[in-house]
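See structure below.
The values are calculated or read from the model by the stated rules, or taken from the named source; none is laboratory data. Remember, it's a predicted structure, so these values are computed and weren't measured experimentally. Quick reminder, even Gly has a Cβ in these numbers, built from the backbone with ideal geometry, and neighbours come from all protein chains shown. The area values use the complete protein model at the heavy-atom level, side chains included, leaving out ligands, DNA and RNA. Shrake-Rupley method; radii C 1.70, N 1.55, O 1.52, S 1.80 Å.
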Amino acid sequence: MPDCIFCKIAAGEIPATVVYEDDEILAFEDIHPVAPVHILLIPRRHFASLDEAGENNGPLLGRILLAAARIAREKGIASRGYRVLTNCNADGGQEVFHIHFHLLGGRRLRTLG
Ligand code: 5GP
Ligand code: ZN
């Protein structure tokens, strides 16, 4: 997607602090972290949100969650705990319309809502 900021990060056209990458997934530090660990995980291939995910995206979404768990262990926050979430569309608070998962941790997180 030409005007998608996360597609540009995935293509290396915009710099980001990458913490994990493979042929399908990229994980990088959020530019405005709200927790000591705040990493975004995206599929390289663009789709806008969880609402646009198809059944065929199941394995990819599973791999993203497992990559988040691995990064959490590497960052040393796994035993104390962390949160993985995706914001979907306007009421969900989504601002960047290339699906992404936030990995948040390193402090006690408030309850949602
Ligand atoms: P959303 O509300 O869509 O779930 O969150 C988008 C996230 O992307 C925000 O936490 C924001 O700080 C982050 N973000 C927006 N633009 C950039 C960018 O250019 N680089 C990085 N690393 N993060 C970004
Ligand atoms: Zn994109």
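Rolling a 1.4 Å probe over the heavy atoms of the protein chains gives the stretch 1-51 an accessible area of 57 Å² per residue. Computed over the chain, the per-residue total of -39500 (n - 2.57) for DSSP H runs of n ≥ 4 gives a 222 nm mean residue ellipticity of -6000 deg cm²/dmol, rounded to 500. Projecting the Cα positions of Leu112, Ile9, Ile99 onto the charge dipole of the chain (unit charges on Cβ atoms of Lys, Arg, Asp and Glu, taken about the Cα centre) puts Leu112 furthest along the positive direction. Here the chain has 52 percent of its accessible surface on carbon and sulfur atoms, given a 1.4 Å probe and all protein chains in place. Helix 58-74 axis versus longest C-alpha principal axis of the chain: approximately 40°, rounded to the nearest ten.
Which longest run of the chain has no exposed loop site in it, a site being trypsin sites (Lys or Arg not before Pro) in a DSSP loop with at most 14 other beta carbons within 10 Å, and the site itself not part of the run? Here the longest run is 1-44. A simple charge model with +1 on the Cβ of Lys and Arg, -1 on the Cβ of Asp and Glu and nothing else charged puts the dipole of the chain at about 720 debye relative to its Cα centre. Relative to its Kirkwood radius, the Cα radius of gyration of the chain gives an Rg/Rh of 0.94. Placing dummy labels 7 Å off each Cα toward the beta-carbon, the span from Ala69 to Val96 is 2.5 nm.
Among Ile77, Ile14, Ile39, the largest mean-square fluctuation in a Gaussian network model of the chain, built with springs joining Cα atoms closer than 10 Å, belongs to Ile14.
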